[in-house]
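Bear in mind these aren't lab numbers, they're just calculated from the coordinates by the rules spelled out. Keep in mind that what you see is a predicted model, and the values were worked out from it rather than measured. A quick note on method: Cβ atoms are made from the backbone with ideal geometry, for glycine too, and the neighbour counts reach across all protein chains shown.
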Amino acid sequence: MSSGSITRVSIALILLLIFSGCAKGPPAARPIGEAFVGPATLKIRSDIPLQSPVVTTVKHGDRLEILQTKRRFLRVRTPHGAEGWTDERQLLAASDMAALRELAARAAKMPSQGVATTYATLNIHTQPAVSSPSFLQLKENERFDVLQSVLFPRSDAPRVPLIPPTPKKAKALPKKEKKSSKIPPPPMPKPPPLPADWLELSKSERDEAAAEAGETPPVKAAPRLDGWSLIRAAGGQSGWVLTRLVSMAIPDEVAQYAEGKRIVSYFPLGEIEDGDQKKKIWLWATTADSKQPWDFDSFRVFIWSLRHHRYETSYIERKIKGYSPILRKQVDYTLGKGQPAKYEGFSICMEKNDGQRVRREYAVLGGAIRFAGEQPCEAPQAPAFAQSPAPIAVTEAAPEAPHETLSQKLKKRWHALTGK
């Protein structure tokens, strides 16, 4: 090959290396952690202010890489490579996502306590706290299963920073050498005894005035409680909603007898034919005071009257301490002198006067309700909370190598091609 050909090939290779080197942009920032989107949708913005343009929108469960922190805001990278800023309070750790999946799996096995609906958009939260992320919204009149109801102190959801702050190293102070003394110190004297009237000396004029006026010391106010319900949506997702925003979807012809009480749970127990109509037998449980530690204080069975063509009470128990769940089941019952047989029925866990909890069974015999026996009640089920947010494991970013200059890149590639 002539020297001119070699020169032309060399120039072509140099130009190719220059353009290929210029085509590459700056290296992508290395992630320092990961997080997952908490809300149903989340806007990623180009900067921290809310007026900043939206770069992209991500949905619940999407994995984000954390690139930078600034106060409570994080610069993140989406799976598609878009980068922007968001509030860390809208993000969940990997352990939180696992807890939500575990909650959904547990809720899938829990018996429904009735179908409910809502008259406005309803946010489903990861925890029984308004400040926790809402990962799903239910539309007006959308139906869902109510599984469990609890009282929870009104407070912010516990939050742990997604990236723990770097601990500051305490400066080691120089140790002072103790000067040894040849003469030992004298022994410590005994403390003087308390005076005989030390209680009187401890009182203040304000205490004496309050005692004369008969005032009692102020009592610390109890924390405010909110009612929360664990629900299961039609798509299988489970989470927490405020109980006061939930309305049980029992028919109005029965719901009108609630007398201002809140319906906690309800079930159909069978049907009665009235001409060409079929009317269900309904069981419901209600509470007059939602701040009590038990779930309901009354239960009632409604049956359709063939004579009056309306719902009437077939059975009722009041002033009880009942606990969820109420279970529909086949009940063993002996009718008259016959043999025991299986009948449609239900069982309710309630507390007796001595504090013992028993599960009482009732059989439905046409329009009559009969007590069929009782047995010890199973231990109360703990609220199915998703765990508190946990800190995300952060990988220590390795120090980046210094960027090579263009001449260094050309020399390296020339040596790789020519071996010189």
For this session: Could you point to the residue in 105, 94, 121 farthest towards the positive end of the stretch 77-128's charge dipole, with +1 and -1 charges on the Cβ of Lys/Arg and Asp/Glu respectively?
Result: 105
Seminar exercise, completed: If amide H atoms are modeled at 1.01 Å from N in the peptide plane, then the residues at a separation of 5 or more from residue 69, or on another chain, having amide H under 5 Å from its own are 75
For this session: Search the structure for amide H atoms under 5 Å from the amide H of residue 311, placed 1.01 Å from N in the peptide plane, and list their residues when 5 or more places away or on another chain.
Result: 305
Exercise. What is the list of residues in the stretch 290-307 whose amide nitrogen lies under 17 Å from a point 7 angstrom out from the Cα of residue 277, following Cα to Cβ?
Worked result: 302-307
Exercise. In the stretch 18-160, how does Rg compare with the Kirkwood Rh, expressed as the Rg/Rh ratio over alpha carbon atoms?
Worked result: 1.08
Problem set entry | J(HN,Hα) series, the stretch 79-89, from Karplus relation 6.51 cos²θ - 1.76 cosθ + 1.60, nearest Hz, glycine and proline x | x, 8, x, 6, 10, x, 10, 8, 8, 5, 5
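From the Cα gyration tensor of the stretch 251-361, with a ≥ b ≥ c the square roots of its eigenvalues, which class applies: rounded if a/c is under 1.5, or else prolate if a/b is larger than b/c, or else oblate?
It comes out oblate by the Cα gyration axes.
What is the sum of charges, Lys and Arg at +1 and Asp and Glu at -1, for the other residues whose Cβ falls under 15 Å from the Cβ of residue 291?
Summing Lys/Arg as +1 and Asp/Glu as -1 gives +2.
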For this session: Pull out the extension gain between residue 312 and residue 354, defined as 0.36 nm times the separation in residues minus the alpha carbon to alpha carbon distance; nm, one decimal.
Result: 11.8 nm
Problem set entry | In Hz, Karplus ³J(HN,Hα) per residue of the stretch 133-143 (6.51, -1.76, 1.60; θ = phi - 60°; x = Gly, Pro) | x, 9, 9, 7, 10, 9, 7, 4, 6, 6, 9
For this session: Report the local net charge at residue 39: Lys and Arg +1, Asp and Glu -1, summed over other residues whose C-beta lies under 14 Å from its C-beta.
Result: -1
Exercise. Using 1/(1 + (r/R0)^6) with R0 = 25 angstrom and r between the beta carbons of residue 337 and residue 368, what's the FRET efficiency to the nearest 0.05?
Worked result: 0.90
Exercise. Taking the Cβ of residue 248 as the center, what net charge do the other residues with Cβ under 13 Å away carry, scoring Lys and Arg +1 and Asp and Glu -1?
Worked result: +2
For this session: Subtracting the Cα-Cα distance from 0.36 nm times the residue separation, let me have the gained length for residue 294 to residue 143 in nm, one decimal.
Result: 51.8 nm
Seminar exercise, completed: Candidate cut points under trypsin sites (Lys or Arg not before Pro) in the stretch 48-98, DSSP loop plus at most 11 other Cβ atoms within 10 Å of their own Cβ, are 71
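Using the beta-carbon distance between residue 206 and residue 43 and R0 = 60 Å, what value does 1/(1 + (r/R0)^6) give for FRET efficiency, to the nearest 0.05?
0.60
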